[in-house]
Amino acid sequence: MMTDLKLFLSEKHIQDAVHYPSLDQSIYWKKNHSNDRRNKESLRYNNCLLRLPLYNSMTIDEADYIISSIFEYFNI
């Protein structure tokens with residue numbers, strides 16, 4: 001579903017980004033900790049958070065467009 005949503009937002013000219021990887025997937029963690037300290041549950045959520053546009057000069061109309069586009073995708 002995440003790929004479909006990203007494609008939908010792209011077609012609407014809404015930029016998005018996949019959220020940060022979980023800590024135990026970071027280079028620092030892998031370099032300084034053994035595999036037995038990995039949080040296997042975090043992998044389940046690693047690629048399911050999506051960052052939507054948010055910036056201090058965003059207008060109400062821009063925010064409404066993003067919100068209504070998300071509602072449209074989920075048929076709300």
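Relative to the longest principal axis of the Cα atoms of the chain, helix 2-11 runs at roughly 40 degrees.
What full-extension length gain, to one decimal in nm, is calculated for K30 and L49 as 0.36 nm per residue of separation minus the Cα-Cα distance?
Working: separation 19, 0.36 × 19 = 6.84 nm, distance 2.16 nm.
So the chain would gain 4.7 nm between K30 and L49.
Restricting the range 27-62 to chymotrypsin sites (Phe, Trp or Tyr not before Pro) that sit in a DSSP loop and have at most 12 other Cβ atoms within 10 Å of their own Cβ leaves Y55. About its Cα centre, the dipole of the chain is roughly 660 debye, where the only charges are +1 on Lys and Arg Cβ and -1 on Asp and Glu Cβ.
As a test of the formula, what do you get for the chain when each DSSP H run with n ≥ 4 contributes -39,500 (n - 2.57) and the sum is divided by the residue count, at 222 nm and rounded to the nearest 500 deg cm²/dmol?
On the way: 4 runs with 36 residues, N = 76.
Mean residue ellipticity at 222 nm (helix-derived): -13500 deg cm²/dmol.
Here the label points at F71 and N39, each 7 Å from Cα along the C-beta direction, are separated by 3.4 nm in the simple model.
Could you quote the convex hull projected area for the chain, Cα atoms only and averaged over all directions, in nm²? Before the final figure, lay out each step's value.
On the way: hull surface 27.0 nm².
Value for the chain: 6.7 nm².
Laboratory data are not the source of any read-out in this text; all were calculated from the coordinates shown. Treat the numbers as computed from the prediction; the structure is a model and nothing was measured. Reconstructed Cβ throughout: ideal geometry from the backbone, glycine too, with neighbour counts over all protein chains shown.
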